[in-house]
Amino acid sequence: MALRSFVDQFTLTGVATTQIARTGYGFTPKVALFWCVGIVSAVDALSTALAERRSFGVAASASDRWCAASWSNDAVANADANSILRQDSIVATISTAGATDGRADFVSFDSDGLTVIIDDAFPVDITVMVLALGGSDVDQVYNGTLVEPGATGSVEYTDAGFRPDLVFFAAAGSNAIVDVANNDSSLSLGVAARTTTAATNACWAGG
């Protein structure tokens, strides 16, 4: 029994079809989490940019991945913001028109890391963080979508087909439809872990 993990940081740069291979992980990951805040910097930095970008994504394979992203314009008289959910990317950025203007997708888990690809060139070079997980303790992974019923009370979702020990959630906007932008920057991330006695959970939300 073993859980392997590795934290990485790199820049998403290049034209469409550019592949970025990351190595040095020391194992073959089974799932990876990607996040960024759209700062044009490869080091710790504070930035007041023209727009604030956020993106959070997860990949289990080249065909099993998603991301939630939001955007807010800076120093404007009226609210100018968007958010989106995508099932074809692990990182995305949004333009002032509410369209996706930068996307990175997942290619593969490799023997010593992972590979991603630029599907749509980003308007600026984006620094992305990665948490890769693997090892024999990670034996099943499932990505999926669910619709919150809009009512209080318990709801059961069984699509995974197994009992998870750890679950990550993401939501963008209100009444969000996959690949359709919302006219607000609402974004929420959550995590729940199963213990021997009960589940423990927490979430972050902003907009």
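Annotations
- Qualifying residue in the stretch 175-183 (condition: exposed (fewer than 11 other Cβ atoms within 10 Å of the Cβ), at pLDDT below 90 and over 20 Å from the mean Cα position of the chain (by Cα)): no
- Selected residue [touching a residue at least 12 places away in the same chain (Cβ under 8 Å), part of a strand (DSSP E or B) and over 23 Å from THR18 (Cβ atoms)] from LEU133, LEU114: LEU133
- Put simply, of ILE84, ILE126, ILE94, ILE118 the only residue that is of a type in the set (Val, Ile, Thr) and within 18 Å of SER63 (Cα to Cα) is ILE118.
- Number of the exception - LEU114 against (1) under 16 Å from the mean Cα position of the chain (by Cα); (2) surrounded by fewer than 14 Cβ atoms within 10 Å (Cβ to Cβ): (2)
- Among (1) part of a loop (DSSP other than H, G, I, E, B); (2) aliphatic (A, V, I, L, M); (3) open to solvent by less than 40 Å² (accessible area, probe 1.4 Å); (4) under 16 Å from CYS36 (Cα atoms) - the single one VAL124 does not satisfy: (3)
- Pick from the stretch 186-207, criterion part of a loop (DSSP other than H, G, I, E, B) and in contact with a strand residue (DSSP E or B) (Cβ under 8 Å, 6 or more places away or on another chain), ranking: farthest from GLY98 (Cα to Cα): GLY207
The values are calculated or read from the model by the stated rules, or taken from the named source; none is laboratory data. Keep in mind the model is a prediction, meaning the values are calculated, not measured. So basically every Cβ, Gly included, is an ideal-geometry build from the backbone, and we count neighbours across all protein chains shown. The area values use the complete protein model at the heavy-atom level, side chains included, leaving out ligands, DNA and RNA. Shrake-Rupley method; radii C 1.70, N 1.55, O 1.52, S 1.80 Å.
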